[in-house]
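To start, I am sharing the structure in question, which I have written as structure tokens.
The values are calculated or read from the model by the stated rules, or taken from the named source; none is laboratory data. None of these values were measured; they are calculated from a predicted model. Here Cβ is always computed from backbone atoms with ideal geometry, including for glycine, and neighbour counts include all displayed protein chains.
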Amino acid sequence: MSDPVIIEIVIAAPAEAVWRALRDPAEIKRWFGWDYEGTEDEVDEIFVRGATADENARTIDFGEGGRFELSEQGARTIVTVTRAAPAGASGWDGIYDEVNEGWLTFLQQLRFMLERHPQGRRTALMVPLRGEEWFRTEHQVGVVVEGRLVISTPERVIVSAYG
């Protein structure tokens with residue numbers, strides 16, 4: 001039995017560009033994660049030391065983190081991510097997993113870079129949403145995180161900071 005597909009994303013870029021963005025640490029830093037002092041070490045840990053790549057097959061195996069496969073479709077590339085289901089489960093349906101959600105976030109950042117800003121330098125800020133709940137309504141939630149009020153609505157995220 002093969003591992004279940006957790007993500008399938010189409011990127012409007014040739015496979016060689018997607019592959020380069022997934023393998024070159026300088027390119028990875030343009031889309032992966034957010035800006036902080038440990039970014040270079042994290043990229044090295046995940047994409048260099050923690051991955052086994054097959055350039056001919058255009059696959060990357062991240063061990064327990066899953067497997068990426070690239071399929072070229074003309075000027076588009078399909079990135080498929082498979083990952084073993086948790087013990088006792090046949091798939092991921094109804095299961096929240098931070099690694100799966102992280103890959104989805106990061107691959108959307110990769111897609112955005114390649115489709116909209118292939119030459120630009122990115123700045124990214126990560127604001128955790130876990131903290132003291134300040135308020136909750138049907139369409140909004142406010143959380144106090146590290147002294148900042150973070151309000152999430154269906155249209156936007158607002159961060160209020162003082163000092």
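One line per residue, one yes/no per condition, for (1) exposed (fewer than 15 other Cβ atoms within 10 Å of the Cβ); (2) in a loop (DSSP other than H, G, I, E, B):
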{"position": "26", "(1), (2)": "yes, no"}
{"position": "43", "(1), (2)": "no, no"}
{"position": "68", "(1), (2)": "no, no"}
{"position": "86", "(1), (2)": "yes, yes"}
{"position": "96", "(1), (2)": "yes, yes"}
{"position": "103", "(1), (2)": "no, no"}
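Now for a different question. List the pairs whose first member sits in region 123-143 and is within 22 Å of residue 33 (Cα to Cα), whose second member is among the β-branched types (Val, Ile, Thr) and loosely packed, with under 10 Cβ neighbours inside 10 Å, and whose Cβ atoms are under 7 Å apart, counting only residues at least 6 apart or on separate chains?
none
Starting from residues that are out of contact with any helix residue (DSSP H, G or I) (no Cβ under 9 Å at 6 or more places or on another chain) and over 30 Å from residue 85 (Cβ atoms), keep the ones in region 7-23 and report whichever is surrounded by the fewest Cβ atoms within 10 Å (Cβ to Cβ).
16
Residue 124 passes all but one of (1) small (Gly, Ala, Ser); (2) out of contact with any Leu (no Cβ under 9 Å at 6 or more places or on another chain); (3) over 26 Å from residue 24 (Cα atoms); which number fails?
Unmet for residue 124, out of (1) small (Gly, Ala, Ser); (2) out of contact with any Leu (no Cβ under 9 Å at 6 or more places or on another chain); (3) over 26 Å from residue 24 (Cα atoms): (3).
Can you tell me which of (1) aromatic (Phe, Trp, Tyr); (2) modelled with pLDDT of 95 or more; (3) not assigned by TED's automatic domain parsing to the domain that holds residue 59 is the one residue 103 doesn't meet?
Answer for residue 103: the failing condition is (3).
Yes or no, residue by residue, for (1) over 17 Å from the mean Cα position of the chain (by Cα); (2) of a type in the set (S, T, N, Q):
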position: 3; (1), (2): yes, no
position: 16; (1), (2): yes, no
position: 20; (1), (2): no, no
position: 39; (1), (2): no, yes
position: 76; (1), (2): yes, no
position: 91; (1), (2): yes, no
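Only residues that are over 23 Å from residue 31 (Cβ atoms), of a type outside the set (Asp, Glu) and either at pLDDT 95 or above or under 23 Å from the mean Cα position of the chain (by Cα) (or both): list them for region 153-163, please.
153, 154, 158
With respect to residue 30, determine if the residue is basic (Lys, Arg) and more than 15 Å from the chain's Cα centre (by Cα).
no
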